[in-house]
1. Quick one: if you stick a label point 7 Å off each Cα along the C-beta vector at A:VAL194 and A:VAL85, how many nm between them?
2. For a label point 7 Å from the Cα of A:LYS276 along Cα→C-beta, name the residues of region A:231-260 whose backbone N is under 13 Å from it.
3. Could you list which residues have their amide H under 5 Å from that of A:ALA22, counting only those 5 or more apart in sequence or on another chain, with H placed in the peptide plane?
4. So which of B:LYS20/B:LYS243; A:LYS276/B:LYS243; A:LYS276/B:LYS336; A:LYS237/B:LYS92; A:LYS237/B:LYS289 end up more than 30 Å apart by C-alpha?
5. Post the alpha-carbon centroid distance, region A:239-286 to region B:313-377, in whole angstrom.
6. Any idea what the relative contact order of chain A is, in percent, if you count C-alpha pairs under 8 Å spaced at least 6 apart?
7. How compact is chain A by the rule of thumb for globular proteins, expressed as Cα Rg over 2.2 N^0.38 Å?
8. If you plug each phi of region A:154-167 into the Karplus form 6.51 cos²θ - 1.76 cosθ + 1.60 with θ = phi - 60°, what whole-Hz ³J(HN,Hα) values come out, in order, with x for Gly and Pro?
Amino acid sequence: MSALASAAIADNPWLAASVRIADVVTEFAGVATYYLQFDEPARATSYGYAPGQFNMLYVPGVGEIAISISGGLASREGLAHTVRVAGNVTQSLARLGKGDSLALRGPYGSAWPLDETRDADIVLVAGGIGLAPLRAVVEARLDGPSPRASTTLLYGARSPDVLLYDREFAGWTGRGLHLQCTVDRPHRLWVGHVGAVPLLVDRLSGIAPANCALFLCGPEVMMRYSVRSALARGVRKEQIWVSLERNMQCAVGLCGHCQLGPAFVCQDGPVFRYDKIEPYLDVEDL
Amino acid sequence: MTQHDRESSPSMHETRLLDKQDFQKLVDLLWDQGYRVLGPTVSQAAIVFGEIRAIDDLPRGWTDEQSGGEYRLKRREDDAWFGFVVGPHSPKQHFFPSRVTVVAADRDGDAWRMRDVPDDEPPVALLGVRACDLAAIAVQDRTFMHARYSDPIYRRRREQALIIAVNCTQAASTCFCTSMNTGPRCSSGFDLALTELPDCFTVEVGSPQGAALAALLPTRPADPQALRQAEIARQHAVDDISKQLDTNDLRDLLLNNLEHPRWSEVATRCLSCTNCTMVCPTCFCSSVKEVSDLDVEHVERVREWDTCFNWDFSYLNGGVVRDQIRSRYRQWLTHKLASWVDQFGVSGCVGCGRCITWCPVGIDLTEEVAAIRETPV
């Protein structure tokens, strides 16, 4: 693509770049991770993102959808996007396979504050496929120079067979991740916790509240009660970040769909420091 | 051109007089310069923006009567050309079209390629824009031409447009621009601003383009008597305004009253019909739809106006966030009057009163705010 065409991408926010599915990994029924590579090599090298940001994936003839970036490099294995089949676009995505073409624009939105929390003990709190935008955080923390601070993942799912990325858990813990999983409905071989994610926050130990940070992503009710537990255990609101989900269509603050109070979740979020968004999080139907 | 004419060419902020018998020359000049001239016309029992090719296209001798849920055209006793206020249309229709293709995709072998779809709408001259709508354009500029992203269609149309404003000389019962500090006097954002007098217009120059245009018109210097007459005419509009919105601390008042019982009360009257957002000159929400040919080889992405009053506007993961009219009305009003300030540094309301007039049940946002102000929770 010529330099002129690249400039046009910057001018028209709706112009997405052609990408190809380099690989598809089925996580469990209804959830798959797509590794996407740009058709144009120059885009692959110029594309950068920060964990927490999202892309708009476009299936022509069907529509666009906002999907957070779950790690991967555009110039190597491709950008990872974990998608749960929910609506038209995700159903169409599920019918695509390795080598198929679609389009992508991004990255958009705010990121997890990894620099700011470099020396803090980080507690990741995830529910269901809410782990997707935190996977790149796990990778970034474990890949970094010998960490002076710990990384803990408190992760909950409905049942053991719908734990996302569980094939990677052993590798993560081997590289220093403290991992605790809980499920609502265990099976006979399950040896982890049973119950809701906030219970894991209640039982957490060995972390100094003054020097920690919490990153949360999952159902809003899970985040609300996890935050309540964390606050009760001496963590300040300014040490907590949440990733929110709203209907996003333009991703650049022009279409109005994703508003939550004064925030455009697509631009001001999806990652918010808790104290900044708290007044609007608890208002029903806002 | 004589030496005298050159010396008397209009300069910025100068006010001149244009005789009504010469007004057609202005319209002709705009078309000659390549502008499509859009201005007030009578159509579908309302005054709406339409093409103006001759002065006979203007609603001469017509006026509008507006109140909550009511709009009626009436014959005037005089022959005034601009003796009415704002109708259901606004400049938004042109700059932010209700339906437009934003991008296209074509299948190229086994790959999809996206392409720009350039907007080819010719430049327009908007004639008869009122002060509230000048303010609305400035509000939408902040939405569609902000620093990080701008909308190419809006930006192009906006930059090419010429704006000839007209000062109001009367007000409707729904007008409250004085509360929002947006009018009725046109103070900025125009190329030319006119005030209608019985036989002529005062012509105020607001930009270099306006000055260049005025220089080609047979204007004459404004005498003090004409200026005084114009001032009196404009004061009529100020004196005519009866509606008020107390904007004192309005943002905090609304955002601190998200659970006020008034939201449930107004929801018993609101039909969630979307009229208020369609006629609002600043509402900017939209959705993009896929329009493809039958074998899905060529796809256009078409942007259409959407609104927070549509049930599925807040669709998320198989449900909707704002399922009740209560939460949809609350979203609209708190966005318009409160969170808009956080987002764009100004209120989203310019006091044009359209949402009151065109609400089928006559809901008046100034009354809703007053009710919350009376009994904050």
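1. Using points 7 Å along Cα→Cβ, the separation is 3.0 nm.
2. A:238-244
3. Result for A:ALA22 returns A:TYR35, A:LEU36, A:GLN37, A:GLY99.
4. Among B:LYS20/B:LYS243; A:LYS276/B:LYS243; A:LYS276/B:LYS336; A:LYS237/B:LYS92; A:LYS237/B:LYS289, the Cα-Cα distance tops 30 Å for B:LYS20/B:LYS243; A:LYS276/B:LYS243; A:LYS237/B:LYS92; A:LYS237/B:LYS289.
5. Between the Cα centre of region A:239-286 and that of region B:313-377, the gap is 18 Å.
6. Details: 579 pairs, mean separation 47.3, N = 286.
Reported relative contact order: 17 percent.
7. That works out to 0.99 for chain A.
8. With coefficients 6.51, -1.76 and 1.60, one gets 9, 10, x, 9, 5, 8, x, 7, 10, 7, 6, 6, 5, 5 Hz.
The values are calculated or read from the model by the stated rules, or taken from the named source; none is laboratory data. These numbers come from a predicted model, not from an experiment. Reconstructed Cβ throughout: ideal geometry from the backbone, glycine too, with neighbour counts over all protein chains shown. Quick note on the areas: whole protein, heavy atoms, side chains included, nothing else; ligands and nucleic acids left out. Shrake-Rupley method; radii C 1.70, N 1.55, O 1.52, S 1.80 Å.
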